[in-house]
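The values are calculated or read from the model by the stated rules, or taken from the named source; none is laboratory data. Quantities reported herein were computed from a predicted structural model and do not represent experimental measurements. Ideal geometry is used to build each Cβ from the backbone, glycine not excepted, and the neighbour counts take in all protein chains shown. Only protein heavy atoms, including side chains, enter the accessible area calculation; ligands, DNA and RNA are left aside. Shrake-Rupley method; radii C 1.70, N 1.55, O 1.52, S 1.80 Å.
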Amino acid sequence: MSDAIVKQIEEQGAEVRRLKGDKASTEDAKTEAIQKLLGLKLAYKEATGEDYVAPNARQAKPPKQQAQKPEVRKQTLLGVGTRKDDNYSEWYSEVITKAEMIEYYDVSGCYVLRPWSFAVWESIQEWFDSRIKKLGVKNCYFPMFVSNAALEREKTHIADFAPEVAWVTRAGNSEMAEPVAIRPTSETVMYPSYKKWVQSHRDLPIKLNQWCNVVRWEFKHPTPFLRTREFLWQEGHTAYANAADAEKEVFQILDLYAGVYNDLLAIPVVKGRKSEKEKFAGGDFTTTVEAYVACNGRGIQGATSHHLGQNFSKMFEISYEDPSGEGERAYAWQNSWGLSTRSIGAMIMVHGDDKGLVLPPRVAAVQVIVVPVGFKTSNKDSLFDAVDKVTKELVAGGVKAEHDLRENYNAGWKFNHWELKGVPIRFEVGPNDLAKKQVTAVIRHNGEKQQVSMDGIVASVKTLLDDIHTQMYNKALAQRDAHLKTTTDIEEFKKHLDEKCIILSPFCGLAECEEKIKNASTREDGEGAQMGAKTLCIPLEQPKQALPSKCLFPSCTEKAKAFALFGRSY
């Protein structure tokens with residue numbers, strides 16, 4: 001087995017070198033190739049218990065003065081070997097694997113979500129689910145398979161997804177009489193049932209949500225959490241008797257999505273509408289929350305809430321007799337809205353550092369890890385008992401706490417391990433701490449140390465966790481605002497874009513003009529093509545300065561309708 005992996009590593013290494021030397025290759029292509037190579041090396045280590053070493057490196061005799069290097073390497077294997085600012089792609093791949101967020105899978109673009117990452121998703125689920133239920137939304141589940149006939153009914157909507165639709169064409173050794181698709185989204189799956197359920201205006205509103213997986217067979221290079229062929233999400237689908245109630249819900253859901261990022265993930269977002277070019281196909285308008293990733297200067301779409309108008313209800317005949325008594329059929333007003341595990345990728349990118357993952361406290365599987373120190377020179381049993389007591393007190397008080405009593409690892413190794421996994425607070429408990437009836441708290445996101453009394457420790461920890469959340473949010477906000485620029489000049493626009501900024505500029509709203517801005521801001525450099533800017537959104541909260549009459553693009557003759565937020569994006 002190891003020989004087969006070695007061959008794959010060598011072939012993938014050659015592919016990485018080829019892409020790095022090819023100026024025409026994209027950053028996405030390089031990222032995917034590097035991630036695949038790192039995954040193969042990790043598979044080799046799991047199979048052999050050793051790090052992969054290239055054949056030429058194995059044959060070379062190291063100089064005598066480097067005899068101590070293997071020991072240094074051994075000490076750093078646990079941590080992240082690549083600095084975030086030096087090579088973001090390699091850093092990301094190392095963090096998600098070494099922090100035990102994902103495991104690579106043998107189907108390209110599909111990944112195993114390990115408990116450490118799934119716990120983040122569970123926290124998001126719990127928070128969001130409880131709040132949509134207060135709005136009267138109920139959970140359900142529809143099949144994952146879609147008939148070809150159903151897809152054909154909405155060609156306009158499915159056009160954006162058509163190249164990515166995965167089809168089941170065989171059952172065992174037999175060709176299926178009619179292939180079925182695996183849902184890329186569920187409008188075509190759910191709305192035939194809505195047609196059956198709606199016979200009168202009294203049958204409305206319908207407010208349903210499902211937590212499920214979808215499959216989009218991406219041709220772009222997959223990246224765990226950010227662009228995957230299968231991902232988890234929630235999708236809400238609602239129908240109303242009037243437009244006003246439907247539109248009101250769009251913004252209620254948008255506020256909840258902003259809450260997921262602000263209140264759980266400690267990530268600031270901009271709420272806005274998508275441009276005509278970027279909106280959901282088949283919808284009247286799309287709203288979005290957009291986050292900013294400082295390390296590469298890109299925007300990332302956090303979640304979307306769409307007002308579908310009557311487009312789908314007319315397509316699927318979701319109608320009822322008009323209560324006005326004129327005998328005509330009235331069509332429902334519909335919304336759809338979704339949030340996916342992409343949110344986890346945004347969290348990793350925004351908060352992670354050179355030591356690894358940094359978890360916001362409210363989504364961390366473990367908020368406090370309690371580690372005994374100095375037990376080899378003191379009464380181990382009493383120290384371990386104290387650690388156990390502190391941990392149990394925290395858990396009883398509603399804090400997600402665990403202790404690490406493993407004796408086959410020293411304290412330094414444990415510190416590195418839990419820092420890599422991003423646990424918000426580490427408690428160190430040693431003989432001196434016991435004597436003073438305190439613990440030493442080390443804060444993950446900034447490295448600060450402080451003593452916390454064992455008296456009232458639960459209340460102290462809860463306050464500390466809230467402070468950490470606020471500090472992480474404010475740090476991300478400061479980074480975002482430092483890279484948020486406003487300009488009316490296309491040359492200054494391009495300069496800001498290359499400085500990893502997102503930019504507010506006057507925009508006419510036309511799709512053809514947006515395409516021209518994107519083309520004008522695309523550039524070639526020594527590292528390959530850099531994508532141009534697109535509209536991330538048209539912010540609901542506009543800048544205080546007066547809107548210029550002219551659109552950003554120099555030759556555009558249309559008047560600017562609003563400031564749009566532009567940037568490179570995922």
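Observations
- Projecting the Cα atoms of Q471, G456, V439 onto the charge dipole of the range 368-481, computed from C-beta unit charges around the Cα centre, puts Q471 farthest toward the positive end.
- 12 Å beta-carbon shell around Q471, net charge (K/R +1, D/E -1): -1
- Helix 457-482 vs. the chain, principal-axis angle (Cα, 0 to 90°, nearest 10): 60 degrees
- Compactness of the range 487-567, expressed as Rg and Dmax over alpha-carbon positions, Å: 12.3, 39
- Here the Karplus relation 6.51 cos²θ - 1.76 cosθ + 1.60, evaluated at θ = phi - 60°, turns the backbone of the range 303-310 into coupling constants of 5, 9, 10, 10, 9, 8, x, 10 Hz, with x for every Gly and Pro.
- Normalised contact order of the chain, rounded percent, pairs of Cα under 8 Å and 6 or more residues apart: 13 percent
- Measuring nothing but protein heavy atoms, the accessible surface of the range 368-481 at 1.4 Å probe radius is 49 percent carbon and sulfur.
- Tilt relative to the chain, helix 511-520 - C-alpha long axis, 0 to 90 degrees, to 10: 40 degrees
- Accessible surface ranking for W121, W167, 1.4 angstrom probe, highest first: W167, W121.
- Short-range pairs are left out: with C-alpha atoms under 8 Å and at least six residues apart, the relative contact order of the range 272-404 is 16 percent.
- Cβ charges +1 (Lys, Arg) and -1 (Asp, Glu), total dipole of the range 119-277, debye: 200 debye
- Sequence of D106, D263 when ordered by accessible area, the most exposed leading, probe 1.4 angstrom: D106, D263
- Working from Cα pairs under 8 Å separated by at least six residues, relative contact order for the range 438-508 is 19 percent.
- Under-5 Å amide H pairs with F566, H placed in peptide plane, nonlocal only: I503, L504, S505, L536
- Average accessible area per residue (Å²) across the chain - probe 1.4 Å, nucleic acids and ligands excluded: 47 Å²
- In sequence order, calculated HN-Hα J values of the range 227-238 (Karplus, 6.51, -1.76, 1.60; Hz; x Gly/Pro): 8, 10, 7, 10, 8, 9, 7, 10, 9, x, 9, 10
- About the Cα centre, charge dipole magnitude for the chain (Lys/Arg +1, Asp/Glu -1 at Cβ), debye: 1060 debye
- Dipole magnitude of the range 487-567 about its Cα centre (Cβ charges: Lys, Arg +1; Asp, Glu -1), debye to nearest 20: 320 debye
- Amide H within-cut-off set for R298, under 5 Å, with H built and near neighbours excluded: V293
- Straight-distance crosslink candidates among aspartates and glutamates, where the alpha carbon sits under 18 Å from K421 and sequence neighbours closer than 8 are dropped: E90, E94, E100, E103, E122, D353, D354, E402, D404, E448
- For the range 163-170, 3J(HN,Hα) computed residue by residue from phi via the Karplus equation (6.51, -1.76, 1.60; θ = phi - 60°) reads x, 9, 6, 8, 10, 9, 10, 10 Hz, glycine and proline entered as x.
- The range 476-539 and the range 251-322 have their alpha-carbon centroids 21 Å apart.
- Helical mean residue ellipticity (222 nm; -39500 (n - 2.57) per DSSP H run of 4+; nearest 500) of the chain: -12000 deg cm²/dmol
- The distance linking the range 415-468 with the range 337-381 is 13 Å (Cα centroid to Cα centroid, whole angstrom).
- Overall form of the chain per C-alpha gyration tensor (a/c, 1.5; a/b vs b/c): prolate
- Solvent-accessible area, 1.4 Å probe, carbon plus sulfur percent, for the range 487-567: 52 percent
- Filter on K277/K495; K518/K561; K220/K314 - keep pairs with C-alpha separation over 27 Å: K220/K314
- Using alpha-carbon coordinates, inclination of helix 342-351 to the longest axis of the chain, degrees: 50 degrees
- Gap separating the Cα centres of the range 96-130 and the range 196-228, nearest whole Å: 19 Å
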